[in-house]
Amino acid sequence: MRSFFIVLLAFASLVSCDTGLVKSEFKATTNGVWEKDNQIEFTFSELDSLAQYNMFINVRNDDTFPYNNLFLIAELNGPDGSVEKDTLEYQMADPDGTWLGQGYGSLKENKLWYKENIVFPSSGVYTLKVAHAMRKNGKVNGVEQLQGITDVGFEIEQRNK
């Protein structure tokens, strides 16, 4: 009888963990350094043109990341030639320096909101390009080598009905 409850509990946890994940991909930076001119690019297709989705940019950082926030430039290109370009700011640490995100030890993963309730109306290949836009206070030029970002990714989840 006890094993029956264990199997039932395992099955229930598997069924309840369905997040609606449709696409997910990560790309590593070079030795934990994100170069200013390195625009990280992802492509995806075959999405239901009638469904609504939530899109996230995922960032993994370690404790060598020297800032408490992160500025990104995200560009979403559609198969119909449409381009949506956004400048985004995300908080990566609390004011006391405690890293936000999930993970143990020095590596944290942050799931950052990008687009909510988005529809991909055209069939074909979409391209998401992500670049960092970090600058030091009082400086015009961007940070050439952003330390501490180990991976950049994206996720698309189908919105719950």
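Before moving on, here are some points about what is shown:
- Helix axis angle, 2-16 relative to the chain longest principal axis, alpha carbon, degrees: 50 degrees
- Longest segment of the chain lacking GluC sites (Glu not before Pro) that sit in a DSSP loop with at most 11 other Cβ atoms within 10 Å: 47-143
- Under 21 Å, Cα to Cα: Lys pairs in the chain, sequence gap 8 or more or different chains: 22
- Evaluated at q = 0.16, 0.24 Å⁻¹: base-10 log I(q)/I(0), Debye formula over Cα of region 48-87: -0.64, -1.01
- Inter-label distance for GLN91 and THR43, nm, one decimal - labels placed 7 Å from Cα along Cα-to-Cβ: 3.8 nm
- With the largest listed first and rounded to whole Å, the semi-axes of the equivalent ellipsoid of region 20-158 from the Cα gyration tensor are 27, 17, 13.
Here, each number is a calculation from the coordinates, and none is a lab measurement. Because the structure is a prediction, the values reported are computed rather than measured. All Cβ positions, glycine included, derive from the backbone under ideal geometry; neighbour counts span all protein chains shown.
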